[in-house]
Amino acid sequence: MDHLKTKIRHVPDFPKPGILFYDITTLLADPAGFRETIDAMTAPYVGQGIDRVVGVESRGFILAAAVADRLGAGLVPVRKPGKLPAATLGETYALEYGTDTLEIHADALGPDHHVLVVDDVLATGGTARATVNLVRRLGGTLHGAAFLIELDFLHGRDKLAGVSVASLLHY
């Protein structure tokens, strides 16, 4: 899968100085690369009975929608506060300086749902942990969390102890 790294643009100093941003829009624009990415992200979960894929705002929506389609599952968005129109459940998590919150529709998942969380990048793990917590608070059965990219040096996987994590590309 490392050949897919050549399709990802590296943008230095974005969104702030010292950060190297992995821009997946160049991979998404490549039909063969995008297809291979979705095939590889979906493969470990085929036949597991997953009926909901939870996608995390915003690039996670793109990947999660395609994975959900391949699995024959529904798509559930997790968004920043105030973006979902019906009653929500929120989860606040720590950032380097301050906190942030994610929300899910309160009726999006229940005990009969088998769930896969999908996002583009696993970095420090805060967003992923908050999303996993939302799934569990709503009673969904979590099958795992799948990421296109994992930034190993940030140890985000450590915040997902007990969760089956599959990352396609490692940096």
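Read-outs throughout are calculated quantities, based only on the coordinates presented, and are distinct from any laboratory measurement. Because the structure is predicted, anything quoted here is derived from the model rather than measured. Backbone-built Cβ (ideal geometry, glycine too); neighbour counts: all protein chains shown.
Each label point was placed 7 Å from the Cα along the Cα-to-Cβ direction; for PHE21 and GLN48 their separation is 3.1 nm.
Bridges between two residues of the stretch 47-170, per DSSP, are antiparallel at a rate of about 30%.
Rounded to the nearest whole Å³, what is the per residue volume of the convex hull around the Cα atoms of the stretch 3-59? Intermediate values should be presented prior to the final figure.
On the way: hull volume 6.3 nm³, N = 57.
Taking the convex hull of the Cα positions in the stretch 3-59, it is 110 Å³ per residue.
Could you work out the relative contact order of the stretch 47-170? I mean the mean sequence separation of Cα pairs under 8 Å and 6+ apart, divided by the number of residues, in percent.
Details: 272 pairs, mean separation 28.7, N = 124.
Relative contact order for the stretch 47-170 comes out at 23 percent.
In this rough spin-label picture, where each label sits 7 Å from Cα along the Cβ direction, the ALA94-LEU154 distance is 1.6 nm. Among the chymotrypsin sites (Phe, Trp or Tyr not before Pro) within the stretch 16-122, those in coil by DSSP and having at most 10 neighbouring Cβ atoms inside 10 Å are TYR97. Distance between the C-alpha centres of the stretch 55-130 and the stretch 145-171: 16 Å, rounded to the whole angstrom. Per-residue ellipticity at 222 nm computed for the chain from its helices equals -7000 deg cm²/dmol, with DSSP H segments shorter than 4 residues left out and the rest contributing -39,500 (n - 2.57). Eigenvalues of the alpha-carbon gyration tensor of the stretch 16-171, scaled by 5 and square-rooted, set the equivalent ellipsoid semi-axes at 22, 20, 15 angstrom, largest first.
In the elastic network of the chain, a GNM with C-alpha springs shorter than 10 Å, the most mobile of LYS16, LYS83, LYS159 is LYS16.
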